[in-house]
Amino acid sequence: MRGSHSRAGFTLIELLVVIAIIAILAAILFPVFAQARDRARAATCLSNIKQLSLGVGMYAQDYDETLLFYPGGNNCSWRYICSTTEQPRDYLNWWDVVLPYTKSTKIFDCPSAAAVTTSALAFWGIRNVAIGYNMSPSAGFSLVKNTAVGNNYPGVGLAEVTKPAETILLGEAGHNWNPAATAATFNTRDNRSPSISWSPRNESGSEWGPEPSHADGANLGFVDGHAKWMKLDRFYGVTDVANKKIVLDCNGIWFRPNHDEVKAGDPPAGACGR
């Protein structure tokens, strides 16, 4: 009687089929995993921005319902709290002012932003300042007044904000969309940005535009304390990068305290979420 014979392994064809199936599954699943990671980073960023927005709101309640001021250069060299050897402070360090309300230095950036660490930031455990405050001193365009009192530019009062749920307080920032900017390289991203600009034409080496880190949009916090994601063409503008031309400028209509005010250069009805 013949003994039975069992096969010891796979044939070459069978191995190739298995490898092909694994490759196909990897091609399908890897983009899904990448999208899931990006959604997780976006959710963390949105949570950080909401916490910061609420922190600024609590600060305003403690200071006669007045939002953050903009520090001048004579006192602490453009800082809210002066920098010392023992405790170095970064430029326009508004996060230090709201830290008593937020209780954490881990929420001052977004996970999608590249690390841009200075010695002053590293001292406090901050990897980047990728969230900018709406503080560019401009007449009626931001949450900071254009006339200095002493060395500082006062913040607007909460009562001056006509539509808090439609007025941007802070948001993901760090991109240069302004082809005419002389202090920054055009179309660079992930720049350290404590201040977010209200218009592409207003961007400089101090005020940067929003960073579209998530599906051509950015996370934003509003004066009423809520946070949400918006596409840039709905609140900021559009730049034709290839031709270095600003094709849509929302002219700060989502940044100005008087949301109903009409200014020269405003976009037409139906544009920029109007």
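Every number in this text was worked out from the coordinates using simple rules, so none of it is lab data. Since we're looking at a predicted model, the values are computed, not measured. Every residue, glycine among them, receives a Cβ derived from its backbone with ideal geometry; neighbour counts consider all protein chains shown.
Annotations for the structure displayed:
- Relative protection proxy for 113-120, 175-182, from highest mean packing down: 175-182, 113-120 (other beta-carbon atoms within 10 angstrom).
- Net charge over other residues, Cβ less than 13 angstrom from the Cβ of PRO88 (K, R count +1; D, E count -1): -1
- The value of relative contact order for the stretch 12-249, using C-alpha pairs under 8 Å at least six residues apart, is 19 percent.
- Under 14 Å, Cβ to Cβ, from PRO71 - net charge with Lys/Arg +1 and Asp/Glu -1: +1
- Residue-averaged [θ]222 nm for the chain, counting only DSSP H segments that reach four residues, each worth -39500 (n - 2.57): -8500 deg cm²/dmol
- Each peptide in 69-76, 89-96 was scored by the mean count of other Cβ atoms within 10 Å over its residues; highest first, the order is 89-96, 69-76.
- Point-to-point label distance, LYS231-ASN151, nm (Cα→Cβ direction, 7 Å offset): 4.5 nm
- For the stretch 167-221, the Stokes-Einstein estimate of translational diffusion at 37 °C and a viscosity of 0.692 mPa s comes to 302 µm²/s, using the Kirkwood hydrodynamic radius over alpha-carbon pairs.
- Under a Gaussian network description of the chain, with springs only between Cα atoms under 10 Å, the residue in PHE222, PHE255, PHE123 that fluctuates furthest is PHE123.
- Principal-axis tilt of helix 12-62 within the chain, Cα atoms, nearest 10 degrees: 20 degrees
- For the options TYR63, TYR101, TYR236, a Gaussian network treatment of the chain with springs between C-alpha atoms closer than 10 Å singles out TYR63 as fluctuating the most.
- Where both bridge residues fall in the chain, DSSP classifies roughly 90% of the beta bridges as antiparallel.
- A straight chain from THR105 to ALA27 at 0.36 nm per residue would run longer than the Cα-Cα distance by 24.3 nm.
- Measuring between their Cα centroids, the stretch 126-172 and the stretch 71-111 lie 16 Å from each other.
- Shape category assigned to the stretch 68-145 from the gyration tensor of Cα positions, a/c cut at 1.5: oblate
- Protection-proxy order for peptides 195-201, 168-174, 56-62, each taking the mean of Cβ atoms within 10 Å per residue, highest first: 168-174, 195-201, 56-62
- Top positive-direction residue, dipole computed over the stretch 235-274 with Cβ charges, set ALA271, PRO257, ALA242: ALA242
- More than 26 Å apart - percent of Cα-Cα pairs taken over the stretch 12-249: 41 percent
- Shape category assigned to the stretch 92-208 from the gyration tensor of Cα positions, a/c cut at 1.5: oblate
- At R0 = 30 Å, FRET efficiency that the Cβ-Cβ distance of PHE123 and THR44 yields, to 0.05: 0.85
- Anisotropy class assigned to the stretch 54-105 is oblate, per the alpha carbon gyration tensor with a/c at or over the 1.5 cut-off and a/b no larger than b/c.
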